[in-house]
Amino acid sequence: MYKRQYDKLKPPREVIQNLFSFGVNKLSRNTAIRLYVDTPLAVGGEISFNEEQSRYLGAVMRLAPGDAVLLFDGINGEFSAEIVSLGKKTGAAAVVARTRPFAPAADVWLLFAPVKKDRTDFIIEKATELGAGKIIPVITRHTITDKVRVERLRAQAAEAAEQSRRVEVPEIGAPVRLEKLLADWDPARRLFFMDESGRGRPAAEAFGEYQGPAALLVGPEGGFAEEELNGLRSRSFARAVSLGPLILRAETAAAAALSVWQAISGLWNGEKNEKEGE
């Protein structure tokens with residue numbers, strides 16, 4: 001099992017000092033500390049911390065029994081909890097109250113060609129922060145690596161969800177070759193692929209004219225091979241889009257594509273969200 005880097009998650013001092021209360025006793029400076037747990041949460045229940053979580057809470061954040069944390073399980077929302085025991089390798093907390101209900105992610109996926117390790121890390125982190133519901137590594141002709149440690153990516157997505165206040169963690173799909181991805185694709189989901197050839201429509205226009213489940217496909221550093229572009233264009237569910245005249249690095253293109261989507265059709269579109277809430 002991949003060990004998550006909890007040492008990197010210590011929030012700034014000013015975040016801890018300016019926390020809001022959820023109306024529960026002892027929820028003060030520690031309410032900024034959020035952890036994802038893979039155990040279903042319910043008020044009145046108790047959950048156990050694994051070794052990495054216990055070390056983070058005790059050695060990094062200097063918490064102790066009686067302190068409060070926020071927990072989410074990706075199913076039932078976010079909950080306040082009080083630490084009841086905390087050691088070097090284990091710990092436990094009592095679930096006190098639900099602070100936020102569960103809210104599903106926007107129905108947009110990010111598909112990307114894997115790049116070097118630290119840049120793939122960046123893509124997973126930013127895709128999670130930008131609200132992708134599912135993230136899938138796609139192997140193309142020019143992909144520089146086909147070695148993807150899915151468990152590691154899942155751990156990174158969980159960390160990013162903790163930091164970005166998501167109440168769920170995006171699904172990380174197994175790596176798949178582009179040809180198989182297209183062959184098995186559900187045509188009910190529109191596939192927008194970033195076309196560096198200049199033949200795609202502006203992304204904002206294409207996104208704005210579409211309502212429904214979507215996926216955004218970002219190619220490798222060297223771009224899609226011509227036969228891959230031809231294969232994509234031949235599919236009725238695929239649309240070529242452009243992110244502008246400049247050549248973007250893969251990780252930049254992934255963040256840019258998701259940002260445009262969220263601004264036009266997703267979480268950042270206040271008018272659209274109001275209509276959906278009516």
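Could you tell me whether F207 is outside any helix (DSSP H, G or I) and either crowded, with 21+ Cβ neighbours inside 10 Å or outside the structural domain of L130 (by TED's automatic domain parsing) (or both)? Break it down into steps so the answer makes sense when it comes.
Working: outside any helix (DSSP H, G or I): no; either crowded, with 21+ Cβ neighbours inside 10 Å or outside the structural domain of L130 (by TED's automatic domain parsing) (or both): yes.
Here the answer is no, as F207 does not meet what is asked.
Would you call D121 within 30 Å of R141 (Cα to Cα) and either touching a Cys at 6+ places or on another chain (Cβ under 7 Å) or without any contact (Cβ under 8 Å) to a residue 60 or more places away in the chain (or both)? Working first, answer last.
On the way: within 30 Å of R141 (Cα to Cα): yes; either touching a Cys at 6+ places or on another chain (Cβ under 7 Å) or without any contact (Cβ under 8 Å) to a residue 60 or more places away in the chain (or both): yes.
The answer is yes for D121.
Check A132, A81 and return the single one that is in contact (Cβ under 8 Å) with a residue 12 or more places away in the chain, in contact with a strand residue (DSSP E or B) (Cβ under 7 Å, 6 or more places away or on another chain), crowded, with 21+ Cβ neighbours inside 10 Å and over 30 Å from R235 (Cβ atoms).
Numbers: A132 fails: over 30 Å from R235 (Cβ atoms).
Exactly one residue qualifies, and that residue is A81.
Condition first: of a type outside the set (D, E, K, R) and under 16 Å from G223 (Cα atoms). Now tell me which residues in the stretch 91-119 satisfy that. First the steps, then the outcome.
Step one: of the stretch 91-119, the residues of a type outside the set (D, E, K, R) are 91-97, 99, 101-106, 108-115.
Answer for the stretch 91-119, where residues must be of a type outside the set (D, E, K, R) and under 16 Å from G223 (Cα atoms): L111, F112, A113, P114, V115.
Output the residues belonging to the stretch 177-186 that are among the acidic types (D, E) and either without any contact (Cβ under 8 Å) to a residue 24 or more places away in the chain or not in a helix (DSSP H, G or I) (or both). Give the steps one after another, and end with the answer.
Keep residues of the stretch 177-186 that are among the acidic types (D, E), which gives 179, 184, 186.
Result: D184, D186.
The rows are residues; the columns are (1) surrounded by 18 or more Cβ atoms within 10 Å (Cβ to Cβ); (2) farther than 18 Å from R119 by Cα; (3) out of contact with any helix residue (DSSP H, G or I) (no Cβ under 6 Å at 6 or more places or on another chain); (4) not assigned by TED's automatic domain parsing to the domain that holds R190.
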position	(1), (2), (3), (4)
E221	no, no, no, no
A225	no, yes, yes, no
L243	yes, yes, no, no
R249	no, no, yes, no
A254	yes, no, no, no
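Yes or no, residue by residue, for (1) in contact with a strand residue (DSSP E or B) (Cβ under 6 Å, 6 or more places away or on another chain); (2) among the aliphatic types (A, V, I, L, M); (3) not assigned by TED's automatic domain parsing to the domain that holds E227:
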{"residue": "I144", "(1), (2), (3)": "no, yes, no"}
{"residue": "R149", "(1), (2), (3)": "no, no, no"}
{"residue": "R152", "(1), (2), (3)": "no, no, no"}
{"residue": "A160", "(1), (2), (3)": "no, yes, no"}
{"residue": "Q163", "(1), (2), (3)": "no, no, no"}
{"residue": "R166", "(1), (2), (3)": "no, no, no"}
{"residue": "I172", "(1), (2), (3)": "yes, yes, no"}
{"residue": "L178", "(1), (2), (3)": "yes, yes, no"}
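Can you confirm whether S236 is small (G, A, S) and modelled with pLDDT of 95 or more? Before the answer, list the steps.
Working: small (G, A, S): yes; modelled with pLDDT of 95 or more: yes.
Spelling it out, S236 is indeed small (G, A, S) and modelled with pLDDT of 95 or more.
Just name the residue that is farthest from L267 (Cα to Cα) out of those in the stretch 124-176 that are part of a helix (DSSP H, G or I) and among the polar types (S, T, N, Q).
If we filter the stretch 124-176 for residues that are part of a helix (DSSP H, G or I), which is where we start, we get 124-129, 150-164.
Going one step further and asking which of them are among the polar types (S, T, N, Q), we end up with 128, 156, 163-164.
Values: T128: 13, Q156: 22, Q163: 17, S164: 13 Å.
Checking each candidate, the answer is Q156.
Filter the stretch 20-49 for residues that are modelled with pLDDT of 95 or more and in a loop (DSSP other than H, G, I, E, B); which is nearest to A93 (Cα to Cα)?
G45
The values are calculated or read from the model by the stated rules, or taken from the named source; none is laboratory data. Everything quoted here is computed from the prediction, not taken from an experiment. Every residue, glycine as well, gets a Cβ built from its backbone with ideal geometry; the counts of neighbours run over all protein chains shown.
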